[in-house]
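Below: the structure, in structure tokens.
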Amino acid sequence: MTDLLYSEEEEALRAAVRDLLTDHCDAAGVLARAGSEAPHDLALWKSLAEDMGLAGLLVPEEQGGQGATHREAAVVLEELGRAVAPVPYLTSAVVATEALLACGEEQLLAQLASGRSVGVLAVALHLAPGAAFPAVRVQDGVLHGELTGVADAAAADLLLVPAEDGGLYAVDSDAVTVTGQVSLDLTRPVATVRFDGATGRRVGDAGPAVRRALRTGAGLLASEQFGLADWSLTETVRYLKDRKQFNRPVGGFQALKHRLAQLWLEVVNLRAGARNAADALARDDDADVAAAVAQAHAAPVAVHAAEEALQLHGGIGMTWEHPVHLYLKRAKADSLAYGTAGAHRETLAGLVDLQAP
């Protein structure tokens, strides 16, 4: 049987990341940054990626990384989800890194693993694993075209760009034009990337690299969604213990107890699915099924948890001063990222041969 419990090393990693986020990613700071023109916290990213070495968790030691597994990366994402941290960890340290691992591109992998460079796979955030993806045109050795909905493109130093000739090209961000799009989740903004004769270097085949990257992104996104849902539940329980009506704690009312109990069941089931997906990716064993199962369940639970948190916080939950709206926005945006729950259920039906009549 697979052991999905957290190891001592994973708990130590969690504690270190949580301590850093407690000191450098408080709710007030995230709120202030979300409303600014620079939503990404690059100082926090430097601490996570360079100082702690977390950008290279999925990169083998011989290629400049930490040689860890997807289980450790999932623990980091749980904590980042709890803090709604505005850093490009999922897009750079997971998705772009997996694309480069599929291509066997050691030089760029070492750059991303060091944390000195942020890499982004230039495909729309909403695309599911296995979905068709737009590509740019290659003409006379340079790239032309436009790609929309690219997450964290504004923070990228390096873009991995699929082209119509079937290749995946590495392009410096200085060679492209990045224009921000209206984003519901201001802590993970999306942008349009335009290529007007940008020079790129082919690093591998786009098809397998993009499929692998999106599958891993979908599977580990569930851990971020679990962290978000767990924060929503924990903070709501804490608040309802303190808030009083009719001279008694609001959390003592039976109707609210039932809602919280139902939410707790959903959250612990989400944790099981997220842990299973991370473990399957680490062992490369039935990872397609595990990622689809996790995402089919994760998005509705994360959204429900954030909605309940906002409603049960009462009037304060409806204000901009309280951070719960950031969690709801992240949950809603994540419900579309790397495929909707419905898309993953459809994929899962095909994988286990349970198609609808």
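Quick notes
- Scope segment 1-25; condition open to solvent by less than 90 Å² (accessible area, probe 1.4 Å), assigned to a helix (DSSP H, G or I) and of a type in the set (Val, Ile, Thr); matching residues: VAL17
- Checking each residue in segment 19-44 for being acidic (Asp, Glu) and at pLDDT 90 or above picks out ASP19, ASP23, ASP26, ASP41.
- The lone exception for LEU263 - which of (1) in contact (Cβ under 8 Å) with a residue 60 or more places away in the chain; (2) open to solvent by less than 10 Å² (accessible area, probe 1.4 Å); (3) closer than 28 Å to ARG188 by Cβ it fails: (1)
- Residues of segment 143-157 that turn out to be under 22 Å from LEU109 (Cβ atoms) and surrounded by fewer than 19 Cβ atoms within 10 Å (Cβ to Cβ), as a count: 1
- Matching option when the condition is under 20 Å from ALA278 (Cα atoms) and open to solvent by less than 10 Å² (accessible area, probe 1.4 Å), among LEU57, LEU100: LEU100
- Flag for ARG194 being surrounded by 14 or more Cβ atoms within 10 Å (Cβ to Cβ), touching a Ser or Thr at 6+ places or on another chain (Cβ under 7 Å) and part of a strand (DSSP E or B): yes
- Meets criteria (surrounded by 13 or more Cβ atoms within 10 Å (Cβ to Cβ), of a type in the set (Val, Ile, Thr) and at pLDDT 95 or above) for THR347: no
- Just one of the listed residues (VAL203, VAL182, VAL178) is hydrophobic (A, V, I, L, M, F, W, C), closer than 30 Å to VAL30 by Cα, assigned to a strand (DSSP E or B) and open to solvent by 10 Å² or more (accessible area, probe 1.4 Å), and it is VAL178.
- Residues located in segment 312-343, provided they are in contact with a Phe, Trp or Tyr (Cβ under 9 Å, 6 or more places away or on another chain) and open to solvent by less than 10 Å² (accessible area, probe 1.4 Å): HIS313, GLY317
- Search result, residues across segment 297-347 that are in a helix (DSSP H, G or I) and among the aromatic types (Phe, Trp, Tyr): TYR327
- Cβ-Cβ under 9 Å pairs, at least 6 apart or on other chains, segment 269-280 side closer than 13 Å to ALA73 by Cα, far side open to solvent by less than 10 Å² (accessible area, probe 1.4 Å) and polar (S, T, N, Q): ALA274/SER223; ALA274/GLN225; ARG275/SER223; ALA277/SER223; ALA277/GLN295; ALA278/SER223
- When residues of segment 158-175 are limited to those that are buried (at least 17 other Cβ atoms within 10 Å of the Cβ) and over 24 Å from the mean Cα position of the chain (by Cα), the one nearest to PHE195 (Cα to Cα): ALA163
The values are calculated or read from the model by the stated rules, or taken from the named source; none is laboratory data. This is a predicted model, so every value here is computed, not measured. Cβ sites come from the backbone with ideal geometry, for glycine too, and all protein chains shown count toward neighbours. The protein model used for the area step is the full one, side chains on, heavy atoms only, and it has no ligands, DNA or RNA in it. Shrake-Rupley method; radii C 1.70, N 1.55, O 1.52, S 1.80 Å.
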